[in-house]
Amino acid sequence: MSEPAPTGSRRGLAVVAICFLTIVFDGYDLIVYGSVVPTLLAEPGWGLGPAQAGAIGSYALAGMLVGALVAGAVTDRVGRRRIMLVGITWFSVAMALCAIAPGPELFGLFRFLGGLGLGGVLPSAIALTVEYAPRGRRQLWNALMFVGYSVGGVLAAVLALALVAEQGWRTMFWIGVAPLVLVLPAAIAFLPESAAHLLARGRREEAEALAARYGAVLDPPPGAGAVAGPRALFTPTHRTATLLFGAASFCGLLLVYGLNTWLPQIMREAGYPLGSALQFLLVLNLGAIVGAIGASALADRFGPKPVTAGAFLAATACLLLLSQRLDTALLFGAVAIAGLGSVGTQILVNGYVAVHYPAASRATALGWALGVGRAGAIVGPLFGGWVLASGLGFEWNFYGFAVPALAGALLIALIPGTRTARTAAPRIEKEATA
């Protein structure tokens, strides 16, 4: 490299910082709905019940499904940077529309439109982070970036505690317009294009200059006649893993959005006041932040497969524990570990996908996994609303979510290894110490 590694690493950290800020507002924009659901259920003139509120919670996720699949398929052609800039602008404008929505029908439509932008930025943010992270630290840097989602959740919970009672729920959505001022200018000024994308498009000199500037290591481009685009995910080499990753992401995102949408209301049904119920949402996301960073460091050391499966199993155990009447301290501890097993586990799944596939198809693979996973994200709020409305009892809310957590662990355990994956760790260690 023409520049020392520390300089490149610092510049790579700037890429991670921009992606982190984007994901903070991505997480805020999604989790804010769960923080205002109790208020929306009481909104005069709207007449919302739990089932309809669950449906509205799924509209943004349906938009994310479409956005992730489309962006994941086209980002390897048009570039990661362009997708990021368009997505940030799109979901920020949609939040402003939600803030002025006169009724539940238009509110739901604007949530769907916002989901298109939210889903579009995720594959590119993960791909850029993994590309510009130091070899041997990719899982950790991806986690540091992606915990922005949970930081956004914490921000939503804290602001809801402080503002909703006096300012109303619309204020929470006006705050979601902030990326237009705080993130977009920084992304325009400092976010680079993917060097791997430039190399795949035949712009070798630009790619090599960019890799040298940021201290990145370029993977070789696909050879002549290699299958490109979404078809590359279904070649004999990758087909089984592609299907299993999609199913595991379905389980992970069902947990993420089901719990983040309904945990405050589930706790209110158990007899906790609104303030205490929102505290559980706060603890869930704090647990995800700390747990995901620690687990991702372990994934760099021991491999993403056993750590990701273990996180799913931890979620299963804690959800079963939450079905019991626990002392407050133990209850908060179980909620925190459930945060690792839901939001944190999805971070691990994303990181696993990013290192499993070659650079040329990385964003496409992430778009596939996140897009298919959005079906689980759509099911999560609907499922939680159905269980809550069924009157089966407090504990059944957690029994239901424990099933996909266990299924996720089994799916990850079945993902086959590849020659690249088996040899990646020793090669990365050599490169990191060279």
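The values are calculated or read from the model by the stated rules, or taken from the named source; none is laboratory data. The structure displayed is predicted, hence computed values, not measured ones. All Cβ positions, even for glycine, are placed from backbone atoms using ideal geometry, and neighbour counts span all protein chains on display. For accessibility, only protein heavy atoms count, side chains too; no ligands or nucleic acids. Shrake-Rupley method; radii C 1.70, N 1.55, O 1.52, S 1.80 Å.
Annotations for the structure displayed:
- Using distinct alpha-carbon pairs, which all enter the 1/r mean, Kirkwood radius of the chain in Å: 21.4
- Averaged per residue, region 12-169 has 30 square angstrom of accessible surface, using a 1.4 angstrom probe with ligands and nucleic acids left out.
- The percentage of C-alpha pairs in region 60-141 whose separation is greater than 15 Å is 58%.
- Across region 114-167, the volume of the C-alpha convex hull divided among the residues equals 80 Å³ per residue.
- Across region 39-195, the convex hull enclosing all Cα atoms gives 119 Å³ per residue.
- Prolate is the label for region 164-208, because the ratio a/c of its alpha-carbon gyration tensor axes (a ≥ b ≥ c) is 1.5 or higher and a/b is greater than b/c.
- Listed peptides 85-94, 123-132 appear in the order 123-132, 85-94 once ranked by packing, highest mean of other Cβ atoms within 10 Å at the front.
- Degrees between helix 5-41 axis and first principal axis of the chain (Cα, 0 to 90, nearest 10): 20
- Residue-count net charge about ALA96 - beta-carbon cut-off 13 Å; Lys, Arg +1, Asp, Glu -1: +1
- Accessible area of region 1-127 belonging to carbon and sulfur atoms, whole % at 1.4 Å probe: 72
- Based on alpha-carbon atoms, the Kirkwood radius and the radius of gyration of region 257-390 give Rg/Rh equal to 1.02.
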